[in-house]
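The values are calculated or read from the model by the stated rules, or taken from the named source; none is laboratory data. Small disclaimer: the values here were computed from a predicted structure and weren't measured. Cβ atoms come from the backbone with ideal geometry, glycine included; neighbour counts cover every protein chain shown. Each accessible area value is taken on the protein alone, full model and side chains, heavy atoms only, with ligands, DNA and RNA left out. Shrake-Rupley method; radii C 1.70, N 1.55, O 1.52, S 1.80 Å.
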Amino acid sequence: MPAPLLPPTGPALDRVIRRNTVTLGAALAIGWTIIQLQAALTTITTEILTGQTWSAGVASALFSLTLGLVAIPAGRLMDRVGRGPVIVAGFVLAGVAAGGLFVAVSTQVLALFLATMVLLGLGLGAASLVRVGAADMAPPERRGTIIGRVLLGAAVGAILGPIVFAPLLSGESADVASLSTPWILAAVVAGLGALVVLTIRHDPLAIARRMAEEVPGSQGPELGRGPGSSYPRRALRVIFRQPGLSASLGAVIVAQGVMAMAMSVVGLEMHHHGQDLGAISVALGVHIVGMFGLSPILGIAIDRYGRLSGLVGGLLVCGIGAGGLVLGPTLTTVLPAIFLVGVGWNLAYLAGTARIADATEPEERAASLGALDMAGLFTSAAMAVLGPALLSVTAIGPLMLAAAVAAIVPALFLARGRTMALAT
């Protein structure tokens, strides 16, 4: 990473922020291109290497858990050295892991495959914290908007993934040669991600400090202390004791759990009712569009109507989508329902991210948002295991009805608290 430069002021700073926003969005798109490849190949590869269907989800679970485990340590490092160096290191590690995956799959060494999958999770987990940089570069009244623009990169990456890797996968059978070759390209893609982030000349953390000097209090609760000032970083438990932050964290966890539960059983239920892989793939694509495609619009809405309104609305939409899945596994019912689940998660995630960013100093923001990611990813991993297990003993209707209730009830409590606050 180039030596940090002192950010400019005035209109020049605005131009830097716009350029960095595009760069961070591109980095997120590149990261999600590799994540999509992992999602497509890992389960099949694990089954082939172990020879057991029951173990097919082990490597995917390791990847998800690693994404969550690295979030707080990577965030703490970001708060010390800046956002760019950690993101670059994440892409470099992901590239090394992709090369290791090529070797592991080619040689059919299960232990190496699992170890390099963990490394891939560590690298992409660090690189995925790019939204911290977006939160750094915006005053609170525009924070949701800029975070939403950067998150759009995930939707772009989800679309680009199949396009980039399709030539290596089309018409291929599921053998070690066809499953290993794409990881060579993934290593190149990860290297491209590192190069893209290296073009950042003014680290978002430095921009946050500069903005705090220009407008005291604009970047957090205790800013505007002047150049060279210092203060002890607060522990995460202290940060999340602030009014509203625990509720924000809880709302995002609930939305993440409902979404993960839905995604863990919808594909299985469609398969059980004779839907082909093409239809299941379409449902997954529509869900990902719901997760990220509307981010810029939803970010503007969060800035206009408030973080709490975003949390309440996100949980309600997520609950409505889960309730729609009760109607059956046909595409006419699944597509709008799974889209709403993604939109609801996106709205809650954006609102929770903005709320936590509003309440934290730049030097503690990445660790705090890393805690949000860790909690959400651990919840996703648990629901990915619990969902199919519950589906084996009950129908999807009661399962999704329970998920809908789990989202709507806390939304009503949050809405009631907001109403009471406005009345006093």
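How high is the relative contact order of the chain, in percent, with contacts defined as C-alpha pairs under 8 Å that are six or more residues apart?
Here the relative contact order equals 23 percent.
Magnitude of the charge dipole for the chain, about its Cα centre and with charges confined to Cβ atoms of Lys, Arg (+1) and Asp, Glu (-1), is about 1160 debye. Counted as membrane-span-like here are DSSP H helices of the chain whose alpha-carbon atoms extend 20 Å or more along the helix's own axis and whose Kyte-Doolittle mean is -0.5 or above; these are 11-50, 58-81, 83-107, 110-127, 143-169, 182-198, 245-272, 307-324, 331-358, 362-391, 396-423. At a probe radius of 1.4 angstrom, the accessible area of the chain per residue rounds to 40 square angstrom.
Tell me the carbon and sulfur percent of the accessible area for the chain, rounded to whole percent, probe radius 1.4 Å. Walk me through the numbers before you get to the answer.
Details: 12030 of 17070 Å².
That fraction is 70 percent.
Across segment 262-404, C-alpha contacts under 8 Å between residues 6 or more apart give a mean separation that, scaled by the residue count, equals a relative contact order of 33 percent. With the Cα gyration tensor of the chain giving a ≥ b ≥ c as the square roots of its eigenvalues, does the rule (a/c under 1.5 for rounded; else a/b larger than b/c for prolate; else oblate) give rounded, prolate or oblate? Taking the square roots of the gyration eigenvalues as a ≥ b ≥ c, the chain is oblate.
Of the residues GLY306, GLY84, GLY319, the one that moves most in a GNM of the chain with alpha-carbon contacts below 10 Å is GLY306.
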